[in-house]
């Protein structure tokens, strides 16, 4: 399924809107390389006339106001799900966009449209009052009832070692702490519903998780009268609601996330190093390939072709087996050799004919074809060596580990192109 990506450039009071269609938007990559590189890349998209949001929807967006030095962006919440990774990425952004103020569009498309509408450029902006953006579970009970059987409910905390989760710690009046794992901080916890803590504590006990799997966290300390909360952009927009519903508690946003949670709950846990955290996004930032319909079709086509070749090989073995058996009985190996050669040639010719017809069919339909373009497929340097050198400069300026340190922690699944393999 393809996704629409919107990029808006505002300069000298003039607004340019560009749409792009990809399977997986890599917004973080395109934004990292600075204002000039981003503008050059954004203009590769389809120029859009008229109001933003008037002619279509979008899943990710970046609005760059060069006049006010503001950047507003919207991305898939799962693109950078670990808070430490998100903080380090934003540190890189501040280095490559000096003097610019960044704002994540926690309000979804409304924030994007508002960012464009704040400028006196004659743009008509559509604002939807009741747009739901967070998609957060309303209650822990709702998470549990989403499971199909009692065995799954019992195993709700049996996460795979690398499966992401939220971490909640609850202190009783004596200061004893219990930990629980859930998919996310649900709204009943945020709003301090009467039975939320009881339902949470009915789940099996858990240990302190490693930082590399925690997407958000919360602790409730009745003895100290404190509630701590931390996570990504979607949870941060709930902080005022948390403060209003936990009115008898001091509610804090834990800026250091996992480290603050560990300090509050006692055990130190297993924090990530900066190099480990950056390794999660570095393959994506250094990649220059687009995950668009054409790339997906090429990958699928390659897999189908390999499968077809394997099937053709099996077919040849089946066809040739009786011929070899005949040669063993008759002893006429010359005839057997000629016959096998003819069968192999005929099968290969048939395979190539079918391959050409299938390729021609998709080419004619134009389902996955995109016009050739001299514009860059990704922002920033496209040569691998130059791109790594530019990244080294950004990392050094931000006071972060070098690529040689980060490379040691890169996993195959961190490469965005692994989605196609």
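The values are calculated or read from the model by the stated rules, or taken from the named source; none is laboratory data. On a predicted model such as this, the values are computed, not experimentally measured, just so you know. Positions of Cβ are backbone-derived with ideal geometry, glycine not excepted, and every protein chain shown enters the neighbour counts.
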Name the pairs whose Cβ atoms lie under 7 Å apart, with the first residue in the range 45-74 and at positive phi, the second at pLDDT 90 or above and assigned to a strand (DSSP E or B), and 6 or more positions between them or separate chains?
-> 69/101
Are any residues in the range 153-173 at pLDDT 85 or above and over 19 Å from residue 249 (Cα atoms), and if so, which ones?
-> 163, 164, 165, 166, 167
Scan the range 265-284 and give yes if some residue there is touching a strand residue (DSSP E or B) at 6+ places or on another chain (Cβ under 7 Å), part of a helix (DSSP H, G or I) and surrounded by fewer than 18 Cβ atoms within 10 Å (Cβ to Cβ), otherwise no.
-> no
Residues of the range 61-76 classified as under 23 Å from the mean Cα position of the chain (by Cα) and crowded, with 18+ Cβ neighbours inside 10 Å, total | 9
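Each row is one residue, and each column tells you yes or no for (1) assigned to a loop (DSSP other than H, G, I, E, B); (2) assigned by the TED database to the domain that holds residue 262; (3) at pLDDT below 75.
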position: 102; (1), (2), (3): no, no, no
position: 123; (1), (2), (3): yes, no, yes
position: 127; (1), (2), (3): yes, no, yes
position: 144; (1), (2), (3): no, yes, yes
position: 151; (1), (2), (3): no, yes, yes
position: 175; (1), (2), (3): yes, yes, no
position: 178; (1), (2), (3): no, yes, no
position: 189; (1), (2), (3): no, yes, no
position: 203; (1), (2), (3): yes, yes, no
